[in-house]
1. Given (1) within 10 Å of the chain's Cα centre (by Cα); (2) without any contact (Cβ under 8 Å) to a residue 40 or more places away in the chain, where does ILE75 come up short, assuming only one miss?
2. Taking region 141-168 as the search range and keeping residues that are outside any loop (DSSP other than H, G, I, E, B) and in contact with a strand residue (DSSP E or B) (Cβ under 7 Å, 6 or more places away or on another chain), which one is nearest to GLU213 (Cα to Cα)?
3. Of everything in region 169-189, what is within 19 Å of VAL51 (Cα to Cα) and either part of a helix (DSSP H, G or I) or modelled with pLDDT of 95 or more (or both)? Give them in sequence order.
4. What about GLU148, is it over 21 Å from LEU21 (Cα atoms), more than 18 Å from the chain's Cα centre (by Cα), modelled with pLDDT of 95 or more and not aliphatic (A, V, I, L, M)?
5. It is to be established whether one or more residues within region 52-70 are aliphatic (A, V, I, L, M), assigned to a helix (DSSP H, G or I), on the phi < 0 side of the Ramachandran plot and free of Cβ contacts under 8 Å to residues at least 24 places away in the same chain.
6. For region 83-137, name all the residues that are charged (D, E, K, R) and touching a Phe, Trp or Tyr at 6+ places or on another chain (Cβ under 9 Å).
7. Which condition does VAL110 not pass, out of (1) among the β-branched types (Val, Ile, Thr); (2) in contact (Cβ under 8 Å) with a residue 24 or more places away in the chain; (3) under 25 Å from PRO18 (Cβ atoms), if it passes all the others?
8. Test each condition in (1) over 29 Å from GLU164 (Cα atoms); (2) among the acidic types (Asp, Glu); (3) within 17 Å of the chain's Cα centre (by Cα) for GLU114 and report the one that comes out false.
Amino acid sequence: MRAVHQLLDAYPLILDDPAALTLLGEDAMRQIKKSHKHHRKLEARALRAHVVLRSRFTEDRLAEAVERGVVQYVILGAGFDTFAFRQPVWARNLKIFEIDQPATQAQKRVRLSEAGMVILPNLRFAAIDFERESLRDGLIRNGVSMTEPTFFSWLGVTMYIQEEAINTVLRTVVEFPAQSEIVFTFTQPPDLLSGAESKFHSSLSKVVTDAGEPFVSYFTLAAIEGKLRDAGFKNIAFLSNDEAEKRYFRKRPPDLFISKRTSIAYAML
């Protein structure tokens, strides 16, 4: 979807991510252009807007965190994230850790090699098998310092895992020092949706279920805030639809559909 955004959406882009195109390769680009009608459907535009918005907002928060002294960037469930391959000058002193399952990282390494993409010295792939070790143990084993201010991104993950696993991640993050921060996405209960939002959720839910990864966790804003406070976070906020529209969508053509649901939370220690 980030690659589609580069090829089909109007400028200025929400997220400038040419590395996504390089990573996927020319065949993927041809397929995207060939299926452009599908990518222009309402459901596709809505999901794509969410995906590029969450990455852009997270990276903007990261830039602010670096200014206040954060020195580590931990990407939980990194998948095919490309920040480390298009990192701006201000990120060059960061230690970047991509956290994911070993199989996913192996697949990514193959694609990086095929694309001729260089792995910069400040990036480390931290493969963690969560059936064999905890997140905390995996972070330490891969060189993440528990005593340095750290920024965590956790995008597109919480809806696929059980609540106790979510609590475990949050409890791990609060072990880091003051000024550390996490940005993550979540899904609100479907019974709170109506109209186009409800239709969009039903369509997406069917897609992920058919792919073998159904949604299992839903939270209201109040539940997320309570969970964060219980874990020990002091400053908690949500990116509202109005704020997202003002910051990222107002000065560009209305080709992307902005969800009215708040689904991005951020919290700092």
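1. (2)
2. Filtering region 141-168 for residues that are outside any loop (DSSP other than H, G, I, E, B) and in contact with a strand residue (DSSP E or B) (Cβ under 7 Å, 6 or more places away or on another chain), the one nearest to GLU213 (Cα to Cα) comes out as THR158.
3. Hits for region 169-189 are ILE182, VAL183, PHE184, THR185, PHE186.
4. yes
5. Checked against the condition, which is being aliphatic (A, V, I, L, M), assigned to a helix (DSSP H, G or I), on the phi < 0 side of the Ramachandran plot and free of Cβ contacts under 8 Å to residues at least 24 places away in the same chain, region 52-70 yields no hits at all.
6. LYS95, GLU98, ASP100, LYS108, ARG109, ARG111, ARG124
7. Checking VAL110 against (1) among the β-branched types (Val, Ile, Thr); (2) in contact (Cβ under 8 Å) with a residue 24 or more places away in the chain; (3) under 25 Å from PRO18 (Cβ atoms), the one that fails is (2).
8. The single condition GLU114 does not satisfy is (3).
The values are calculated or read from the model by the stated rules, or taken from the named source; none is laboratory data. Just so it is clear, the structure is predicted and the values come from calculations on it, not from any experiment. Please note: Cβ atoms are built from the backbone with ideal geometry, for glycine as well, and neighbour counts cover all protein chains shown.
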